[in-house]
Amino acid sequence: MTPVVTLRGVGKAFPNGTLALQNLDLTVNRGEFVSLLGPSGCGKSTALRLIAGLARPSGGAVVWGSGGTPARGDLGVVFQEPTLMPWASVAANVRLPLRLTHRPDNAEALVADMLARVGLDGFAKAYPRELSGGMRMRVSIARALVTNPELLLMDEPFAALDEITRFRLDNALLDLWQELGKTVVFVTHSVFEAVYLSTRIVVMTPRPGRVAADIAIDAPFPRGETFRTSAPYAALCRTVAQALAGAMGESLA
Amino acid sequence: MSAPAADETHRPWRDRLARVGLPVVALLLGCAMWELLVWAYAIPPYELPAPSAIAATLVEDRALLVESLMATLATTAQGFALAVVGGAGLAILFSQSRWLENTLYPYAVILQVTPVVAIAPLLLIYLPQPLAVLACAWIVAFFPMLANTTLGLHSVDHNLDDLFSLYGASRLQRLVRLQIPAALPMMLAGGKIAGGLSLIGAVVAEIAAGSAGAGSGLAFRIAESGYRLNVPRMFAALLLLSAAGIAIFAALSFASWLILRRWHESALVRAP
Ligand SMILES: Nc1ncnc2c1ncn2[C@@H]1O[C@H](COP(=O)(O)OP(=O)(O)OP(=O)(O)O)[C@@H](O)[C@H]1O
Ligand SMILES: [Mg+2]
């Protein structure tokens, strides 16, 4: 296994004194789909921001597999909200990372390809406000993938969507992950979503966040509705839910 | 503003008629009563001219009045344009240098809170009259542009800001692709205010200049007609000034709607 990024004893204290993370050790390997699961406020978003380089750890280190720091465009981030530029068309939004990183001349083709992959072929010229919440999220995912990043960071991307849309996007995401062979770090509140998507689930403790449990989900891919309704899935959900309850110092009846 | 006409297409026609019709009916009734009063009490035109007399003056003096209107509008437009360029430009400079903002912003506020009526006479001493009038039209419009653009440039979505950092955007990329588009709605709102204020600034300066110079704007006509007790012409000029103000506001509102209609909530047309 090749590590893509390693968090070594990472701590994060905010200027107002809040200690969000303490002694967080986590290695993400190439090709993995890792979910960060934990109670609200345990520092999942903070951990993601540290990996993305949008904040600096106040202790420990974030180490990249390649040694140095990732090049611009080697990282894709999908935020909890779609975070699109309302003044720009869907195509222009997806193209933004290419423009900012001064990338290839075949941008048009790349953008069209990404839009097709997330199922938004006909919407290149639409504006974000003309799309549904789920479609906006797809645009956001297409944008994150357009630079062909090594690592994709997703912060509760589907939390605001209804269950039907969420299942559909979960499936679309898994397809993309398998096709493109990316490494994904996925933050979620949902035990069920985490088990369905991940190859590995990292359960975090309440603030200050640390790793409480690291659970491999060995179920084979592709996963579909059969997996979602299978006995092993239910058993895994129970194991993870117990680990989460344990991390929070409660016991599951 | 709301989309002109567009959001009304969904309304029943009666609603629409009432919205346009009622004010017009009220205006006609008011004018009729005014006319009647002037006629019944035989009020002389130098005390209160009848609407018909004002209309007649409007037609008779049209050459003079239109020339004056054009002069005032030209000053207003120049003052407004300079204010937009200067206000937005300075705000952009401020956004690049907190140090500069802290140094100069207080003076922009002082410029704003000092009544332009009080500054005009001073400007008239130091500047040739047309320039002084222009300066007044500029001063009052400058601050709304500066303040609104500054606010707009600061109100960038934090996640979008992070996204630009993630891809290592340069300052220029951030400014052009993120901050200015994000500020656009606020800038346009500032522009709508600034346009009307430019007219006010120009009028104030013309009035302050009074008969002193060779002014030729509408406000100058009002002052001049006042000295000559040509009250109908005063009213006619006033009417044109109001119309100019309305036209400026409508034009800027339309421009704003045109620019924002594809993406901004303020220009959103909702189905009923
Ligand atoms: N900029 C900040 N300044 C001060 N405290 C912060 C800041 N950002 C986050 N925190 C605090 O750090 C803790 C962890 O925040 P974080 O957003 O990482 O939690 P989370 O696990 O993502 O929660 P949620 O699941 O609700 O999104 C919280 O207690 C939060 O109040
Ligand atoms: Mg969070």
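The values are calculated or read from the model by the stated rules, or taken from the named source; none is laboratory data. It should be emphasised that the depicted structure is a prediction, and the values quoted were computed from it without experimental measurement. Glycine gets a Cβ as well: all are built from the backbone with ideal geometry, and neighbour counts include every protein chain shown. SASA here: full protein model, heavy atoms, side chains in, ligands and nucleic acids out. Shrake-Rupley method; radii C 1.70, N 1.55, O 1.52, S 1.80 Å.
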Check your understanding: Can you name the helices (runs of 4 or more DSSP H) wholly within region B:110-178 that have at least 1 residues being closer than 18 Å to B:Ile92 by Cα and within 14 Å of chain A (Cβ to nearest Cβ)?
Key -> B:129-154, B:158-166, B:171-174
Exercise for review: Inspect region A:61-77 for any residue being more than 14 Å from chain B (Cβ to nearest Cβ) and within 16 Å of ligand 1 (Cβ to nearest atom) and give the result as yes or no.
Suggested key: yes
Exercise for review: Name the single residue, out of those in region B:179-190 being within 11 Å of chain A (Cβ to nearest Cβ) and of a type in the set (Gly, Ala, Ser), that is surrounded by the most Cβ atoms within 10 Å (Cβ to Cβ).
Suggested key: B:Ala183
Revision key, fill the gap. Scanning region A:25-38 residue by residue, those more than 11 Å from ligand 2 (Cβ to nearest atom) and either in a strand (DSSP E or B) or free of Cβ contacts under 8 Å to residues at least 24 places away in the same chain (or both) turn out to be A:Asp25, A:Leu26, A:Thr27, A:Val28, A:Asn29, A:Phe33, A:Val34, A:Ser35, A:Leu37
Exercise for review: With the condition kept exactly as written, say whether any residue in region B:34-51 is within 28 Å of B:Leu197 (Cβ to Cβ) and either of a type in the set (A, V, I, L, M) or not assigned by TED's automatic domain parsing to the domain that holds B:Ser216 (or both).
Suggested key: no
Review point. Which one is nearest to B:Gly152 (Cα to Cα), of the residues in region B:94-104 that are open to solvent by less than 60 Å² (accessible area, probe 1.4 Å) and in contact (Cβ under 8 Å) with a residue 12 or more places away in the chain?
Key: B:Ser95
Study note, to complete from the structure: Conditions (1) out of contact with any Asp or Glu (no Cβ under 9 Å at 6 or more places or on another chain); (2) within 14 Å of another protein chain (Cβ to nearest Cβ); (3) within 16 Å of ligand 2 (Cβ to nearest atom) -> A:Thr205 fails only (2)
Revision key, fill the gap. Within region B:46-104, the residues that are among the charged types (D, E, K, R) and within 16 Å of B:Ile139 (Cα to Cα) are none
Exercise for review: With a cut-off of at least 2 residues that are charged (D, E, K, R), name the helices (runs of 4 or more DSSP H) lying wholly within region A:145-253.
Suggested key: A:163-180, A:225-228
**Study point:** Lone unmet requirement of (1) within 11 Å of chain B (Cβ to nearest Cβ); (2) within 16 Å of ligand 2 (Cβ to nearest atom); (3) open to solvent by less than 40 Å² (accessible area, probe 1.4 Å); (4) farther than 18 Å from A:Arg138 by Cα for A:Arg49
**Key:** (3)
**Study point:** Unique match (being more than 24 Å from B:Ile139 (Cβ to Cβ) and surrounded by 18 or more Cβ atoms within 10 Å (Cβ to Cβ)) among B:Leu172, B:Leu153, B:Leu166
**Key:** B:Leu166
Review point. Would it be correct to say that A:Gly41 is within 16 Å of ligand 2 (Cβ to nearest atom), farther than 13 Å from A:Val185 by Cα and open to solvent by 30 Å² or more (accessible area, probe 1.4 Å)?
Key: yes
Practice item. Name the one entry in A:Leu54, A:Leu84 that is at pLDDT 95 or above, within 14 Å of chain B (Cβ to nearest Cβ) and open to solvent by 10 Å² or more (accessible area, probe 1.4 Å). Key: A:Leu84
